[in-house]
Every structure is written in C-alpha cells, then in structure tokens.
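One structure is given below, encoded as structure tokens.
The values are calculated or read from the model by the stated rules, or taken from the named source; none is laboratory data. From a predicted model like this one, the values you see are computed outputs, not experimental measurements. Glycine also receives a Cβ, built like all others from the backbone with ideal geometry; neighbour counts cover every protein chain displayed. The protein model used for the area step is the full one, side chains on, heavy atoms only, and it has no ligands, DNA or RNA in it. Shrake-Rupley method; radii C 1.70, N 1.55, O 1.52, S 1.80 Å.
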Amino acid sequence: MAQALWRRAHLDEFTLRQARRSLAYARYWREEASAPLTYITPRRSLAEARLALADARRLRRQLVALRAHTTGYLTREQWAAIQANAAAATA
C-alpha cells in the first residue's frame, strides 16, 4: 500500500492561509465588541475573538513544526502528529 505524501510547501501555504483567516476573524470580533449598536453582547464578541486568537496560536505552532521538517514531503501520519502536537501545546 502506497503512503500518502503531501508537499511541505503546499501544507505550509495552507496553514498560513488558515492562520491569516483566524487573525482576520479575531480582528472582526474585536471591532464588533466595540460597536455601539450590535445584537451580540461585547462579552460574547470578545470570547469569539479569544477563540480565534487561540486557533491562530495553534496554527503558528503547527507552522513552526512543519517548517522544521527537512524533507520536501510529509506522510499523513507525520502531518497528523504535527497537528496533534500543536493542539496539545495550545490546550
């Protein structure tokens, strides 16, 4: 059975896009918290912003671990281990 291989550059770009999206999401919720007329309470908006920042931190750890790999390709198991370690470090 052949191993599934992914290019490291592709995973790097994918993770970076996710991190940028999380930061944009956090920025949106911070602005929403300071808006005077909103149907969502500022407390809820700030909670959403904190969750998005935590996700961005997890993705940053994932990106650092991914860039530490010297080979150009990763197996599914290596990628799963990187994701699990980043999630465990953030929790």
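Restricting to Cα pairs below 8 Å that are 6+ residues apart, what does the relative contact order work out to for the chain? Please round to a whole percent. Answer for the chain is 41 percent. Taking every protein chain into account, the 1.4 Å probe leaves H69 with about 50 Å² of accessible area, to the nearest ten.
What is the local net charge at R60, summed over the other residues whose Cβ is closer than 15 Å to its Cβ (Lys, Arg +1; Asp, Glu -1)? Taking every other residue near R60 into account, the sum is +4. The portion of the accessible surface of the chain made up by carbon and sulfur, rounded to a whole percent, is 57 (1.4 Å probe; DNA, RNA and ligands excluded). In this structure, A24 and A89 have a Cβ-Cβ separation that, at R0 = 30 Å, corresponds to a calculated FRET efficiency of about 0.85.
Accessible area per residue (1.4 Å probe, heavy atoms of protein chains only) ranks E77, E32 as E77, E32, with the largest value leading. In units of the compact-protein estimate 2.2 N^0.38 Å, the chain shows a Cα radius of gyration of 1.36.
Largest accessible area first, the residues L11, L16 order themselves as L16, L11 under a 1.4 Å probe with ligands, DNA and RNA left out.
Each stretch of four or more DSSP H residues adds -39500 (n - 2.57); spread over every residue of the chain, this sum gives -26500 deg cm²/dmol at 222 nm. When Y39, Y73 are compared by accessible surface with a 1.4 Å probe, the order from highest to lowest is Y39, Y73. P(r) tail for region 5-44, what percent of Cα pairs lie past 12 Å? Every Cα pair in region 5-44 considered, those over 12 Å come to 66 percent. Relative to the longest principal axis of the Cα atoms of the chain, helix 8-34 runs at roughly 10 degrees.
Positive contributions from Lys and Arg (+1) and negative ones from Asp and Glu (-1), summed over other residues with Cβ under 13 Å from the Cβ of I82, come out at +4.
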